[in-house]
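Below is one structure; the comments refer to it alone.
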Ligand code: NAD
């Protein structure tokens, strides 16, 4: 079955998409990508080829264009889709909510329409820990109730999850995995691909490496008076290749029909919270340099502390995060040095 059918990856040139494509190819899957390069470029696909020796077919198409998306499903025998293509900046979504509702929701609707029309068996969706909002239940399990989304971005993830479940109820032959990522960071060990966003970085790790390389003057640590062990916010950083591998496992799980429920949700994090200041220290250790940072006032909309209980992914997918925060910082720093020279 694998030799005939392909996996459609939306957003295959993006950060998580490109690393996942490498893991899929390494595990014998054939991949077709659709990415309009809104936040990525051909360079990521070239990097994938240098790592795997395989050339990836990418359609430079906007998935909000239903006819163009349909054409791809017509051309290939697609077994499953992995849906990464979306906008992801929390701040930008607050500034321009309609941009986010349009791209993230219309893209999801179109993909599901194609799944219905072409009878596609499986879907894996990129959700986020932001669906939980500001929760005080820690660690977060898949059953932790959702709070109000902190941003339009977070709300698009909540809506997409609802949309998938409601669609699933009409498609008893199809199955779904919803992956709630915590804080993906780092790069492939080869440093051929990494986080290469066209838009300005907003996540902590790329901001740290940009400060270190001199592309930003300093890191602002928003708040050191939170009720945490050192006063800074706590996040759950997950190495990008550990995260990527979870997609391969989820795909194998769906194909083998091992899912107890038609739709299964998994948290993907390490289960260990790392504070912003601990992340800075880990960077300083692996890079052997001090980072220029300054404590700034708390930033509104920031969740104080969030980390995952990933027991379910461990039990049902056999997934285990293997890489440390130091390995995240080490690969992120090597990647930064490579792209800045
Ligand atoms: P990314 O921006 O690097 O990748 C998304 C890719 O999708 C980009 O290459 C972009 O060009 C493409 N794209 C966007 N809209 C498109 C459209 N309409 N048509 C075709 N292509 C389109 O982001 P990422 O970090 O790889 O995130 C992938 C997914 O994971 C997103 O859905 C994001 O919301 C989700 N996620 C990311 C994080 C994170 O911290 N990076 C955390 C939780 C969830």
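Computed from the coordinates by the stated procedures, all read-outs in this text should not be read as laboratory data. Source: prediction; values computed, not measured. Every residue, glycine as well, gets a Cβ built from its backbone with ideal geometry; the counts of neighbours run over all protein chains shown.
Observations, loosely collected:
- Condition check for residue 207: over 22 Å from the mean Cα position of the chain (by Cα), buried (at least 16 other Cβ atoms within 10 Å of the Cβ) and part of a helix (DSSP H, G or I): no
- Consider segment 241-264 and keep the residues that are in contact with a strand residue (DSSP E or B) (Cβ under 6 Å, 6 or more places away or on another chain) and farther than 10 Å from residue 124 by Cα. The one that is surrounded by the most Cβ atoms within 10 Å (Cβ to Cβ) is 243.
- Within segment 192-205, the residues that satisfy the criterion of being more than 10 Å from the ligand (Cβ to nearest atom), touching a residue at least 40 places away in the same chain (Cβ under 8 Å) and under 21 Å from residue 38 (Cβ atoms) are 193, 194.
- Answer residue from segment 101-131, given it is more than 9 Å from the ligand (Cβ to nearest atom) and under 16 Å from the mean Cα position of the chain (by Cα) and is surrounded by the fewest Cβ atoms within 10 Å (Cβ to Cβ) among those: 131
- The set of residues in segment 211-221 being assigned to a helix (DSSP H, G or I) and in contact with a strand residue (DSSP E or B) (Cβ under 8 Å, 6 or more places away or on another chain) consists of 211 alone.
- Here is the figure for segment 46-75: residues that are free of Cβ contacts under 8 Å to residues at least 60 places away in the same chain and more than 16 Å from the ligand (Cβ to nearest atom) total 7.
- Residue pairs meeting the criteria (Cβ under 6 Å; at least 6 apart or on separate chains; first free of Cβ contacts under 8 Å to residues at least 40 places away in the same chain, in segment 237-263; second part of a helix (DSSP H, G or I)): none
- Residue within segment 77-94 that is under 25 Å from residue 197 (Cβ atoms), surrounded by fewer than 15 Cβ atoms within 10 Å (Cβ to Cβ) and within 14 Å of the ligand (Cβ to nearest atom) present: yes
- Count - residues of segment 86-137 that are assigned to a loop (DSSP other than H, G, I, E, B), farther than 30 Å from residue 305 by Cβ and in contact with a strand residue (DSSP E or B) (Cβ under 8 Å, 6 or more places away or on another chain): 2
- Checked against (1) buried (at least 17 other Cβ atoms within 10 Å of the Cβ); (2) touching a strand residue (DSSP E or B) at 6+ places or on another chain (Cβ under 6 Å); (3) more than 30 Å from residue 323 (Cβ to Cβ), residue 165 passes all but a single condition, namely (1).
- The set of residues in segment 307-327 that are closer than 28 Å to residue 254 by Cβ and surrounded by 17 or more Cβ atoms within 10 Å (Cβ to Cβ) comprises 307, 308, 309, 310, 312, 313, 316, 317, 319, 321, 323.
- Qualifying residue in segment 176-188 (condition: farther than 29 Å from residue 213 by Cα, loosely packed, with under 15 Cβ neighbours inside 10 Å and touching a residue at least 60 places away in the same chain (Cβ under 8 Å)): no
- Index of the failed condition, residue 167 passing every other in (1) in contact with a helix residue (DSSP H, G or I) (Cβ under 6 Å, 6 or more places away or on another chain); (2) away from the ligand (no atom under 16 Å from the Cβ); (3) part of a loop (DSSP other than H, G, I, E, B): (3)
- Here residue 159 meets each of (1) more than 15 Å from the ligand (Cβ to nearest atom); (2) touching a residue at least 12 places away in the same chain (Cβ under 8 Å); (3) surrounded by fewer than 19 Cβ atoms within 10 Å (Cβ to Cβ) with one exception, condition (1).
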